[in-house]
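The structure under discussion appears below in the form of structure tokens.
The values are calculated or read from the model by the stated rules, or taken from the named source; none is laboratory data. The shown structure was predicted, so the numbers you read here are calculated from the model rather than taken from an experiment. Positions of Cβ are generated from backbone atoms using ideal geometry, with glycine treated the same way; all protein chains shown enter the neighbour counts. The accessibility values were calculated without ligands, DNA or RNA, using every heavy atom of the protein model including side chains. Shrake-Rupley method; radii C 1.70, N 1.55, O 1.52, S 1.80 Å.
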Amino acid sequence: MSAKLLCGRFEFPLERPLVMGILNVTPDSFSDGSRHFETDAAIAHGLKLASEGADIIDIGAESTRPGAAPVGLQEEIDRLLPVLEGLRDCGAALSVDTFKPEVMRGVLDAGADMINDIYGFRQPGALEAVASSYCGLCIMHMQGEPRTMQQAPRYDDVVGEVREFLRERVEAIRTLGMHPMRVVLDPGFGFGKTAEHNYELLRRLQDLFFDDYPWLVALSRKSMIGHVTGREPEQRLGGSIAGALAGIARGAAMVRVHDVAQTVDAIKVWQTVENGVSG
């Protein structure tokens, strides 16, 4: 695992799992849509996530749930910029969940510390948009695209194919001379994958690892949790924490979650079991 993650204004040692809190500034998120749509409410929730121990706050202005409708370029930027401004001094790094190069440039100019791209920086101009900055890069695997990705996902070898895809994306970044410590990799739970694919990826997470890159596990409240528990998104806290800890136990460097305080507590207990009581 890399000694640290370079993330805009921040350098994160990877001696403990990092927690990325989710902040959806969208009216149609699958889990908490519209709750934080108004700018003031979004900023307030972001400040709450930071106070609960989020290392990074991941701000999204376009839902990527299956079947989600696309958002216009200017609308996405207009949703994001005031929230970035309001959270700039919250103490957590600010990540923006977008795949549009124009949005990437706009939010980086506004002080974003990380770009989290579900397309893995495959859109024309995406790599160039981030190449000259110091932002962190979260590179995710997705089969297909959000509107249709869950219709009939198929793999001959889901672990091998996800690993090879992300290796190719890392090579594209290396070609442009970007620092490898800016990179964190995400297998993309729920993005063009069945529940069986998702759990195989989580169970065999370490089989994905290569070249000491850190990995993100992002499964909070997702359908893979509901598949096992039978619960609706807002009732998936227990399952989400179990999934996050399963990822951490298999070497994940970061977890992306809705419920920051509860996840931080769970990680502290897990680490104490593993490492003993300090002090």
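Worth pointing out:
For every residue, the table says whether it meets (1) surrounded by fewer than 17 Cβ atoms within 10 Å (Cβ to Cβ); (2) under 20 Å from Pro17 (Cβ atoms).
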site	(1), (2)
Asp109	yes, no
Asp113	no, yes
Arg154	yes, no
Arg167	yes, no
Val184	no, yes
His197	no, no
Glu200	no, no
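- Looking only at region 145-159, residues that are closer than 28 Å to Cys135 by Cα and in a helix (DSSP H, G or I) come to 1 in all.
- Scan region 224-261 for residues that are touching a helix residue (DSSP H, G or I) at 6+ places or on another chain (Cβ under 6 Å), of a type in the set (S, T, N, Q) and surrounded by fewer than 16 Cβ atoms within 10 Å (Cβ to Cβ) and the total you get is 1.
- Selection of region 83-96 for residues being surrounded by fewer than 17 Cβ atoms within 10 Å (Cβ to Cβ) and touching a residue at least 40 places away in the same chain (Cβ under 8 Å) yields Gly86, Gly91.
- Selected residue [open to solvent by 20 Å² or more (accessible area, probe 1.4 Å), over 20 Å from Met254 (Cβ atoms) and modelled with pLDDT of 95 or more] from Leu73, Leu127, Leu80: Leu127
- Filtered residue count, region 202-217, keeping only those that are open to solvent by less than 10 Å² (accessible area, probe 1.4 Å) and touching a residue at least 60 places away in the same chain (Cβ under 8 Å): 2
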